[in-house]
Protein chains: 2
Amino acid sequence: MKTYLDCFPCFMQQTLRAARISTNDETKIKKLLDEVGMMLKDIPMESTPPETGEIIYKKIAEITGNNDPYKKIKGQNIEEGLKLYPKLKEIVKNSDDRLLTAVRLAIAGNVIDLGMDKEFNIVKDVKKILKQDFAIFDYEQFKRHLDLHDEILYIGDNAGETVFDKILIEELPHSVTYVVREIPIINDVTIEEAKYIGIDKLAKIISSGTTAPGTILRLCNDDFIKKFNNASMVISKGQGNYEGLSDVNRSIFFLLKAKCPIIARHIGVKENDIVLKGINLNV
Amino acid sequence: MKTYLDCFPCFMQQTLRAARISTNDETKIKKLLDEVGMMLKDIPMESTPPETGEIIYKKIAEITGNNDPYKKIKGQNIEEGLKLYPKLKEIVKNSDDRLLTAVRLAIAGNVIDLGMDKEFNIVKDVKKILKQDFAIFDYEQFKRHLDLHDEILYIGDNAGETVFDKILIEELPHSVTYVVREIPIINDVTIEEAKYIGIDKLAKIISSGTTAPGTILRLCNDDFIKKFNNASMVISKGQGNYEGLSDVNRSIFFLLKAKCPIIARHIGVKENDIVLKGINLNV
């Protein structure tokens, strides 16, 4: 997905929000706004928004000296998720369609996105998404692909969300490889948190090598690109990965909640819609 | 009121919104975002936000060639107001406190602000504001000042709002001077619209000489500054005038709805609160 005009004010808004979490020094925050403002002219409309996100968060780290401003909140989100985990397992167990419930929960976890200017309440959001109609619901194709493939490359998104991914992965008899970011970027999941959540007991964890808040192939390492190209089935979580992968020429299933109006429009849904969308499917 | 950090993303948002109303040419809009982005570093935090507004809207006119992008919507707002006018007069006539009802209506008109990223529905907003509690309600002082003074300098804000100001001015037995902007800026009122609405039948209309979307004294003409300093009583409508005049050392009554969270915080109220606030009052 390319950059839209609406992304530019949003880049400034994200800068301000992340800067405030990184430092209390208003002079540094103003300097950041100045520098990002000057950078805007160099952002090609053809680049994906997470590429700019990467540059902005690097600039924030450079000016504030804080490499992981979301560390604390990320930890709290994970603990909140883990506290809910037994209850979520119960919900899956008692549901008519365990897989679908696990898919819904994996999408519910996608609300834990600190890059967005949106409040979330994970307990309320879980309840809502368990009942919400899908705006795009390629569930039959999803099940068909699960039947046809033994291995899944599962691209994670936010750290707190990984607890919810765990629920879905536990429903899959497949050999799963779980993909994380190379370094902390916004509240995205890294190897450290994926292990803490226990994904390593269920799946192989690999880093895509990216330092952007999304999966942009040309910013990923060769090992990941090879695995991505050769993977028989790919599940991609969240907006950042969608932005990077929406135009890639291979089959992918996107699971996400459309939190940004521009991404929603790109997918062809409304803001706050939930989506299970397959692209480039041959069966 | 000075510029706050939150104003910077908002300047970009305003640029995009106004640019889109001015032109359909995405290349021009991108150029505008680039140029405003580069300008941000030169905005002193000590300047008032309408000063930056002036520069941005001049830049929009320069790049798009459109000097009055809001002309059409402004006209529609005025017609909508004029259509409501007989009904509004009826409401005043049937109220227990005609003056207070007229003050409420003058504030209700303040929702017609196209510089804000807020939807408004004038009929619904009038109904709401007629019943809404004031967050600051210096009504006793306001009445006392009305009793003590024969002349009022009444500083207008948005063009559609002027229909609602007319209702209040008609309740005042005073000699009123109604102040407008020098040129069209956002949807602010100019001499042309004030006359069309019939303010010239009730008051003397003068321009403050400003081309900013607010009253910043150093950008006003000498004639206005003299009148402002010598006026026995000043009524100032809306946020843009508040931003310019909040730190001025003379008595002023501000009538407004706090639509921006930053201005609301500066006044000491919440977003969407309505305010009748007097400053520097000796009685």
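Here, each number is a calculation from the coordinates, and none is a lab measurement. This structure is a prediction, so every number in the text was calculated from the model and none was measured. Here the Cβ is made from the backbone with ideal geometry for all residues, glycine too, and neighbour counts use every protein chain on show.
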Item checked: Percentage relative contact order, chain A, counting C-alpha pairs under 8 Å, at least six apart -> 20
Check: Roughly how many Å is it from the Cα centre of the stretch B:5-77 to that of the stretch B:122-157, as a whole number?
Finding: 31
Checklist line | Within 10 Å of each Cβ in A:12-24, the average number of Cβ atoms from other chains | finding: 2
Item checked: Degrees, to the nearest 10: B:71-93 long Cα axis against longest axis of chain B -> 20
Note to self: Taking the 0 to 90 degree range and rounding to the nearest ten, how far is the long axis of helix A:161-171 tilted relative to the main principal axis of chain A, both from C-alpha atoms?
What the structure shows: 20
Check: On average, how much area does the Cα convex hull of chain A cover when viewed from any direction, in nm²?
Finding: 13.7
Margin query: Let's test the formula: R0 of 45 Å, r as the Cβ-Cβ distance of A:L82 and B:R265. What FRET efficiency results, to the nearest 0.05?
Written below: 0.80
Check: Which angle from 0 to 90°, rounded to the nearest 10, does the C-alpha axis of helix A:98-108 make with the longest principal axis of chain A?
Finding: 10
Next item on the list: Starting from 0 in steps of 20 Å, tell me what percent of the Cα-Cα pairs of the protein assembly as shown lands in each bin.
Entry: 20, 42, 29, 9, 0
Checklist line | Structure-based [θ]222 nm, the protein assembly as shown - -39500 (n - 2.57) summed over DSSP H runs of at least 4, per residue, nearest 500 | finding: -15500 deg cm²/dmol
Checklist line | Difference of contour (0.36 nm per residue) and Cα-Cα distance, B:K124 to B:E151 | finding: 6.4 nm
